[in-house]
Amino acid sequence: MSTETRPALSQSELERCYEAMVRIRVFEDAAQRLFLANEIEGSIHLYQGQEAIAVGVCSALEPDDAIAATYRGHGVLLAAGSDPARLFAELLGRETGLCGGRAGSMNIVDLEHGVIGCFAIVGGSIAAATGAALAAQLREDDSVGVAFFGDGAANQAYFHECLNFASVRGLPAVYVCENNQYGEFTPYASVTGGGRIATRGAAYGLPGIEVDGNDVDAVRAAAEAAIDRARAGEGPTLLECQTYRHKGHSRHDDPRRYRPDDELKSWLARDPLVLAERALDPEWAVATRAQLEQEIEDALVEAKAAPLPRPDPAASATKEPA
Amino acid sequence: MTQVSYRLAVRDALAEEMERDPDVVLLGEDVRIGGVFNATPELLERFGPNRVIDTPISELAFAGAAFGAAVRGLRPVVEIMFADFLGLVLDTVANQASKYWYLSNGQASVPYTIRTTVGAGGRFGAIHSQTPTGWFMNLPGMKIVAPSNAADAKSLMKSAIRDDNPVLVLEHKLLYGTTGEVAAGNGSVEPIGRAAVVRPGRQVTIAAALAMVRTALAAAAELAAGGIEAEVIDLRSLRPLDIDAIAESAGRTGALVAVEEGPPTGGYASEVISAVAERDRSVRVARVTMPDLPIPFSGVLEDAVVPQPPNVVAAVRKLIGERGE
């Protein structure tokens, strides 16, 4: 799938990426357990299976770059460096959450780690990252704006309007489509004209590259090329990363109602962790996982111990001079 | 003080703020040559194409990009040519920008300005004539200003640009050609949220905005000829409303008429009336608005739906008659 053949990652970089992917996997497994136990309220959208995309892209970014993600955003947040304890706390509606419990799973902002937002409306991240790229261009600050979005977003006005706008302005933007094959419960191919999403880049005069989204090395290579291109003032790039979500769309939906079993099996054989492990020492991988399970358990204990926010009668929706 | 048109007051506000702050940039359709309403002439020559940016006809893209750019430190001013086009940007304004300060728990605000042209009377038909205030009235985090004269076209624009939050600036297309005294210079600006008494009176308060301020003043002159002294309040800020000022006036006069160029439901007139009524049940209240209809094209039909001075006079006389004066 990928046009890139050279390994992007050194052995030590691959190990760091593997750690980052396992951190996401273990976090999301724990989040799912909490949700099914009714400890997390509302809805969550899980990232298991897609870890190589967040990690491959975010590991290639600099601290000043801007990241916009989706309501399926835990993976990108963790890959960007968000504190797992504060992320758990946000999902649990605690005062110490990344947004003090105001945002919840779908709307998190973590500017300290470059995440300008997770967006609850399909496609919203695309405009946010386009704007970050516009700011970078106008302020000549050498940063890039990266949008993560799903295959469903490729049919939203946000996608088409922003790719055109970014193309005509030559914005330093990278558009990362996480094609997990389903928009909610609907197979993407049944609602997406023209076959591939990557080919839509050509319509707007920018490179559209299809990537094996479960191969962290391939994602990293494609992301590096796109980010280099953006920083060099050569304009935006569209990456279509093929992947698969291991879980349902959200909440309790059972994906067996709309996805064939053999499809899941074939994608599980290409689990991004399994693919990465081929190039890693098995004992090191086992030890790493154990270490991360402890880290995530500690984070969860910390989050659960945090206080609930107190409703503030003086809370304001606007920023006013002190 | 010099005589300046409302149109050039808008331009001068933009120029002064762009001069003052290099992070202020203007984005919109055809803004380089001055825009369809010619409110941005000569800004390109002064500030260059990186700060006066022509966009595709792609409102969602450039309004959405303005949001992202504002989070990252710019103070963009977005021109939406006609307010009727705001429907195209509702997601980024309502779901992204207006909620950002609160949902991010104060990590950043969205210091951008959306300026747009509103108002009937131009024979532009239903979808180039609206004043869609109600679409934005119930958005926590949003501010809305509505200048009725040249001085405010400048001062409220400057306040909007310096405000740290999303601000919608409504410019009435019939007011662009009007002139007034406008302060020069680039000093401090007032915070958003203050109404102004533009005609004092003691028997009834008439609250209005945009072109309806002229309508209210014309009605007040006619009422004065008949012996009724009306106080006219120019609301200036529709969100937040200056309820203190309106309630103080209405408490004094005992009667309040809110005049709005918009449909009767869910606009600023409803909000003015309910907020004052909550504070002071003794105030008699009435609204003068458009009927619950789209704005028709034919001149005779359009004029019939826009509140006119006789409508306001009649509403005041009825209200005061009820009170037995």
| query | Where the centre of each part is set by its Cα atoms, how far does region A:127-162 sit from region A:30-88, in angstrom? | reply | 19
| Ascending count of other beta-carbon atoms within 10 Å, so fewest first, for B:Arg214, B:Arg46, B:Arg199 | B:Arg46, B:Arg199, B:Arg214
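Counting other beta carbons within 10 Å of each residue's own, what order do B:Thr116, A:Thr130 fall into, fewest first? Show your work: numbers first, answer last.
On the way: B:Thr116 21, A:Thr130 32.
The fewest-first ordering by Cβ neighbours comes to B:Thr116, A:Thr130.
What FRET efficiency, computed as 1/(1 + (r/R0)^6) with R0 = 60 Å and r the Cβ-Cβ distance, is obtained for B:Arg281 and A:Trp284, rounded to the nearest 0.05? Before the final figure, lay out the partial values.
Values: r = 76 Å, r/R0 = 1.26.
That gives a FRET efficiency of 0.20.
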| request: Take every DSSP beta bridge with both residues inside the protein assembly as shown and express the antiparallel ones as a percent of the total, to the nearest 5. | output: 15
| message | Less than 14 Å Cβ to Cβ from A:Leu171, Lys/Arg counted +1 and Asp/Glu -1: what total charge do the surrounding residues give? | response | -1
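Taking loop as defined by DSSP and a crowding limit of 16 other beta carbons within 10 Å, which chymotrypsin sites (Phe, Trp or Tyr not before Pro) in region A:172-272 fit? Don't jump to the answer; show the numbers that get you there.
Numbers: sites: A:Tyr175, A:Tyr182, A:Phe185, A:Tyr188, A:Tyr204, A:Tyr244, A:Tyr258, A:Trp267; in loops: A:Phe185, A:Tyr204, A:Tyr244, A:Tyr258.
Here the sparse-neighbourhood loop sites are A:Phe185, A:Tyr258.
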| Tilt relative to chain B, helix B:268-279 - C-alpha long axis, 0 to 90 degrees, to 10 | 60
| field | Acute angle (nearest 10 degrees) that the helix B:59-71 long axis makes with the longest principal axis of chain B, alpha-carbon atoms | value | 80
| Pairing the Cα long axis of helix B:243-253 with the longest principal axis of chain B, what angle in degrees results, from 0 to 90 and rounded to the nearest 10? | 20
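Contour minus end-to-end for A:Leu268 and A:Thr186, with contour as 0.36 nm per residue of separation and end-to-end as the Cα-Cα distance? Don't skip to the end; give the middle numbers.
On the way: separation 82, 0.36 × 82 = 29.52 nm, distance 1.98 nm.
Computed gain between A:Leu268 and A:Thr186 is 27.5 nm.
Of all DSSP beta bridges in chain B, what percent run antiparallel (nearest 5)? Could the numbers behind the result be given before it?
Numbers: 9 of 43 bridges.
Once the DSSP bridges in chain B are tallied, antiparallel ones form about 20 percent.
Per-residue ellipticity at 222 nm for chain A, helices alone: DSSP H runs ≥ 4 residues times -39500 (n - 2.57), over residue total, nearest 500 deg cm²/dmol? Intermediate values should be presented prior to the final figure.
Details: 11 runs with 136 residues, N = 322.
Taking each H run of at least 4 residues, the total per residue is -13000 deg cm²/dmol.
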| note | Under the Karplus relation with 6.51, -1.76 and 1.60 and θ = phi - 60°, whole-Hz ³J(HN,Hα) for region A:298-315, x at Gly and Pro, equal 4, 4, 5, 4, 4, 5, 5, 7, 6, x, 6, x, 9, x, 10, x, 9, 4
| said: Please list, by residue number, every one of the GluC sites (Glu not before Pro) in region A:157-252 that is coil in DSSP and has at most 15 other beta-carbon atoms within 10 Å. | reply: A:Glu184, A:Glu234
| remark: Quick note on A:Leu292, B:Leu238, A:Leu275, ordering by fewest other C-beta atoms within 10 Å, gives A:Leu275, A:Leu292, B:Leu238
| Among B:Val89, B:Val78, B:Val312, which one shows the biggest mean-square fluctuation in a GNM of chain B, springs joining Cα atoms closer than 10 Å? | B:Val89
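Let me know the charge dipole size of region B:218-325 about its Cα centre in debye, to the nearest 20, where only the beta-carbon of Lys, Arg (+1) and Asp, Glu (-1) is charged. Let's see the in-between values first.
Numbers: 10 positive and 17 negative charges, 59 e Å.
Around 280 debye, computed over region B:218-325.
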| At what distance in angstrom do the alpha carbon centres of region B:1-48 and region B:284-304 lie from each other? | 33
| In nm, to one decimal, how far is the modelled label at B:Ala225 from the one at A:Ala315, with both set 7 Å along Cα→Cβ? | 5.5
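Have a look at the DSSP beta bridges in region A:11-303 and tell me what percent are antiparallel, nearest 5. Display every interim value, and only then the final one.
Values: 3 of 27 bridges.
Once the DSSP bridges in region A:11-303 are tallied, antiparallel ones form about 10 percent.
Each value in this text was obtained by applying a stated rule to the coordinates, not by laboratory testing. The shown structure was predicted, so the numbers you read here are calculated from the model rather than taken from an experiment. We place every Cβ from the backbone using ideal geometry, glycine too, and count neighbours over all the protein chains shown.
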